[in-house]
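J.: Take this structure, written in structure tokens, and hold onto it; I'll ask about it next.
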Amino acid sequence: MRRSSTILYGLVIVVLTTGCAQHPAATQAGEVKQSSKAMVESSHHVEPRIDRKLNELISIDAKEVPLVDVVAFFRTRLDINIIPNWAALEAAGIEQDLPVTLTLDHVPASQVLTFVLKQAGAGAELEPIGFKVRGNIVDISTLRDLQRRHEVQMFHIGELLYPPVDRKRAARWQPLLPDMAAPDESARVGREEVVEQIINLIQPTIGRKGGDWQAFGGIVSSVREFNGVLIVKTTPDNMRDIQLLLRMVQASHFEKWLHIFRDEQVATLLTEARQHQLAGRLDDAKRHVWLAFDVQSDHAATRAMARGLGVILPKVPVGGYDDAYEDYPFKLIEGTRIDTQGRSLAVMAHAGDADRRAWRKLLKRSDVHYKAEPIGKVFEQLKQRTGTNLVTNWAALEAAGIEPDVPIVIQLKDVPLHVILDRVLAQAGAGAELEPIGWTIDRGVVRISTERDLNRAGVRKTYNIEDLIQLMLQTRGPDFDDSDEPICERVEESELREDAIEMLVNMIQDLVGSQEHWEAYGGTISSLKEINGRLVIKTSPPYHRVIQSMLDVLRTTLAKGLDVRLHAQQVLQLHEKAQTLRLSGQHKQALSILDEILRLKPNDLRALAMRTVIKQTLARRQKRLDSNS
């Protein structure tokens, strides 16, 4: 586990990331002690059943047991799909008969597996090994092989681009109570600076010491932002850590808004209390001190004024803090996944009838158990199981060093046939990194060959993106803060248009296929040109389906942002109204206005924080009144 921290908007963000091998695990094929207990940990990336299995407490007493038998024990004992890529492991010097000696008692299976692999890979420091959970399959291989797969997601981060600093009111209420923490004026930075901070937070902390990222010379991961949308390409493990990181920043924003609203409410109430005190209305002054206590019980200024008025405040709110820290009422940041491999129903929706029929056949679930079966025979069996036209280009595969007699060792239960095909090819192609192999569906035929061969048959197609450009322009204009002044400079429309087109072109070339395929990066397979609001693209049919799906996702994503933007001025006016009502004590009316804001902008952190402060204050006040009656 790696711990790293950074400061964002004055907040210290601590990130704990785990390598793809750090899912603790293992046991032995001989004498095994079992436990019926299970320790379940939260997980966002594995199926619930396999999550429970990996957290079961198991015991191991292995003495010189071959690694292949230890792996077989996990498969049998936990009843899970576990696939070691022996070709990749043996290339790293880790043989199937490597002896394992390990004794553990009542330890989560994932930790046992980690200890087993750590021992097995002790002599392979230059090529470390590990395991990764994908769906209902546990893959064991070298880290290089495990991290080869990547995915793309789009995250809405509009709420994160403007730090919660209420500078418009700071000058009004800060002088009234000098001991009160004022909003940090220095925290207000430009939108582009905040985007840069978020990206600079992600790249050095997520992945292998930042080395995965293209910005640091890596080839696996990239990140860019446009119009409040963060577009990320990286490994599944990194993607989960990024989502966690964005959630932490979102939660920090929410917490800071809570502090701002509580401080402001307390300042207003104590100012009124001081005015009552100076006018000799001591009962009214004391009442306002109690109201301030209901908002924030541990505020130093509230307790100082209470002592001056002879009011004895309890150390904690009446009824305790149970209602003070409820779960965050906003929807945590989620990512919209883009399938860049063309292996989803959304992408296949852009395919022809024959391709969709072939894809449906590959979705059928099945069990397989290959014991050193020649890959040529495996392909024939899969052809029969799927009922598809499965064609193998043996000339291309043999040129890449993959012969028909390459042995395949795989045992899987209840997985789609296309996943079985993926695993077979991954195992067969482990030693062919310079000439990776794969499969695709082309006019109803499942073709297996090298990626170079599969993508050689380029098709030219034109995409009208004028509507997408206009949508990007509409969501790119200046935003507003509480002063109703633009906080980013207006830019000429022609320049914005060029930025939008450049962003689309770079996104496609970076996310679809390998960069080496594109002419812009020196490739010869795919090409892209923009002409008067149209993209003319030459690439393989599967990649055309991916591009169409990607443009559809981007349209939907930006449309959501535009809908929020169209209501921006109305939302600002409603915020002012709700704030005025709240500070004047008209809480029910303020809640009604906040509900209207959340109807227009469901995830408005500022409105959600204000609503939370009001509800918590009213709940505490009611408990205090009930206890006095």
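The values are calculated or read from the model by the stated rules, or taken from the named source; none is laboratory data. Please read all numbers here as calculations on a predicted model, not as lab measurements. FYI the Cβ positions are ideal-geometry reconstructions off the backbone, even for glycines, and counts take in every protein chain you see. When the accessible area is computed, the model is the full protein with side chains, heavy atoms only, and any ligands, DNA or RNA have been set aside. Shrake-Rupley method; radii C 1.70, N 1.55, O 1.52, S 1.80 Å.
J.: Just to be sure before I move on: is Lys256 at pLDDT 85 or above and either touching an Asp or Glu at 6+ places or on another chain (Cβ under 7 Å) or buried (at least 21 other Cβ atoms within 10 Å of the Cβ) (or both) in the structure I sent?
T.: On the way: at pLDDT 85 or above: yes; either touching an Asp or Glu at 6+ places or on another chain (Cβ under 7 Å) or buried (at least 21 other Cβ atoms within 10 Å of the Cβ) (or both): yes.
It is true that Lys256 is at pLDDT 85 or above and either touching an Asp or Glu at 6+ places or on another chain (Cβ under 7 Å) or buried (at least 21 other Cβ atoms within 10 Å of the Cβ) (or both).
J.: Identify all residues within the range 516-550 that are open to solvent by 20 Å² or more (accessible area, probe 1.4 Å), of a type in the set (S, T, N, Q) and closer than 24 Å to Asn227 by Cα; write none if there are none.
T.: Asn532, Gln548
J.: Do you know which residues across the range 272-293 are within 19 Å of Leu625 (Cα to Cα) and touching a Leu at 6+ places or on another chain (Cβ under 7 Å)? Give the derivation first.
T.: Quick first cut of the range 272-293, residues within 19 Å of Leu625 (Cα to Cα) only: 283-293.
Hits for the range 272-293 are Ala285, Lys286, His288, Val289, Leu291, Ala292, Phe293.
J.: Let me spell it out: the conditions are (1) in a helix (DSSP H, G or I); (2) more than 30 Å from the chain's Cα centre (by Cα); (3) among the basic types (Lys, Arg), and Lys529 meets all of them except one. Which number is the exception?
T.: (1)
J.: Looking at the range 222-251, which of its residues are of a type in the set (Gly, Ala, Ser) and in contact with a Lys or Arg (Cβ under 6 Å, 6 or more places away or on another chain)? Write out each step before concluding.
T.: Of the range 222-251, the ones of a type in the set (Gly, Ala, Ser) are 222, 228, 251.
The one that is of a type in the set (Gly, Ala, Ser) and in contact with a Lys or Arg (Cβ under 6 Å, 6 or more places away or on another chain): Ser222.
J.: Grab the strands (runs of 3 or more DSSP E) fully contained in the range 331-397, keeping just those with 3 or more residues being within 36 Å of the chain's Cα centre (by Cα).
T.: Once the strands (runs of 3 or more DSSP E) in the range 331-397 are filtered for at least 3 residues that are within 36 Å of the chain's Cα centre (by Cα), what remains is 335-338, 365-374.
J.: With the requirement that a residue be buried (at least 16 other Cβ atoms within 10 Å of the Cβ) and either of a type in the set (Phe, Trp, Tyr) or closer than 17 Å to Ala590 by Cβ (or both), what does the range 620-629 give you?
T.: Within the range 620-629, Arg620, Arg621 qualify.
J.: Would you please name the residue that is nearest to the chain's Cα centre (by Cα), looking only at residues in the range 288-308 that are surrounded by fewer than 17 Cβ atoms within 10 Å (Cβ to Cβ) and hydrophobic (A, V, I, L, M, F, W, C)?
T.: Ala300
J.: I would also like to ask the following. If you check Thr617, Thr612, which single one turns out to be hydroxyl-bearing (Ser, Thr, Tyr), under 24 Å from Leu160 (Cβ atoms) and either in a helix (DSSP H, G or I) or open to solvent by less than 40 Å² (accessible area, probe 1.4 Å) (or both)? Spell out how you get there, then give the answer.
T.: On the way: Thr617 fails: under 24 Å from Leu160 (Cβ atoms).
Only one candidate passes the filter, namely Thr612.
J.: Among helices (runs of 4 or more DSSP H) lying entirely in the range 52-137, which contain 3 or more residues that are in contact with a Leu (Cβ under 9 Å, 6 or more places away or on another chain) and surrounded by 21 or more Cβ atoms within 10 Å (Cβ to Cβ)?
T.: Values: elements: 67-78, 86-91, 109-120.
Because the criterion is at least 3 residues that are in contact with a Leu (Cβ under 9 Å, 6 or more places away or on another chain) and surrounded by 21 or more Cβ atoms within 10 Å (Cβ to Cβ), the helices (runs of 4 or more DSSP H) in the range 52-137 that meet it are 67-78, 109-120.
J.: Could you please find all residues in the range 359-406 being open to solvent by less than 70 Å² (accessible area, probe 1.4 Å), of a type outside the set (A, V, I, L, M, F, W, C) and in contact with a Ser or Thr (Cβ under 6 Å, 6 or more places away or on another chain)? Even if it seems obvious, please write down each step before you answer.
T.: Step one: list which residues in the range 359-406 are open to solvent by less than 70 Å² (accessible area, probe 1.4 Å), which gives 359, 362-363, 366, 368, 370, 372-376, 378-379, 381-382, 386-388, 390, 392-394, 396-397, 400-402, 404, 406.
This time we only want the ones that are of a type outside the set (A, V, I, L, M, F, W, C), so: 366, 370, 373-374, 376, 381, 386-388, 392-393, 401, 404.
The answer is Asn393, and nothing else.
J.: Select, from Gln265, Gln277, the only residue that is surrounded by fewer than 22 Cβ atoms within 10 Å (Cβ to Cβ), at pLDDT 85 or above and of a type in the set (S, T, N, Q).
T.: On the way: Gln265 fails: surrounded by fewer than 22 Cβ atoms within 10 Å (Cβ to Cβ).
Result: Gln277 is the single residue among Gln265, Gln277 that is surrounded by fewer than 22 Cβ atoms within 10 Å (Cβ to Cβ), at pLDDT 85 or above and of a type in the set (S, T, N, Q).
J.: Shifting gears a bit: Can you tell me which residues in the range 446-475 are of a type in the set (D, E, K, R) and touching a residue at least 60 places away in the same chain (Cβ under 8 Å)? Write out each step before concluding.
T.: Narrowing the range 446-475 to residues of a type in the set (D, E, K, R): 447, 451-453, 456, 460-461, 466-467.
Residues satisfying the conditions are Glu451, Arg452, Asp453, Arg456, Arg460, Lys461, Glu466, Asp467.
J.: Which residue out of Asp179, Asp166, Asp184, Asp145 is open to solvent by less than 10 Å² (accessible area, probe 1.4 Å), of a type in the set (D, E, K, R) and modelled with pLDDT under 85? Let's see the steps before the verdict.
T.: Values: Asp179 fails: open to solvent by less than 10 Å² (accessible area, probe 1.4 Å); Asp184 fails: open to solvent by less than 10 Å² (accessible area, probe 1.4 Å); Asp145 fails: open to solvent by less than 10 Å² (accessible area, probe 1.4 Å).
Checking each option against the conditions leaves just Asp166.
J.: Kindly evaluate Val409 against the criterion of being open to solvent by 40 Å² or more (accessible area, probe 1.4 Å) and not in a helix (DSSP H, G or I). Talk me through it step by step, then tell me what you get.
T.: Values: open to solvent by 40 Å² or more (accessible area, probe 1.4 Å): yes; not in a helix (DSSP H, G or I): yes.
Answer is yes for this residue.
J.: Spot the failing condition for His44; the list is (1) within 20 Å of Arg134 (Cβ to Cβ); (2) open to solvent by less than 60 Å² (accessible area, probe 1.4 Å); (3) at pLDDT below 85; (4) outside any helix (DSSP H, G or I), and only one is missed.
T.: His44 satisfies every listed condition except (2).
J.: Moving to a separate point now. Kindly indicate the residue of the range 444-481 that is modelled with pLDDT of 85 or more and in a loop (DSSP other than H, G, I, E, B) and also surrounded by the fewest Cβ atoms within 10 Å (Cβ to Cβ) among those meeting that condition.
T.: Out of the qualifying residues, it is Gly444.
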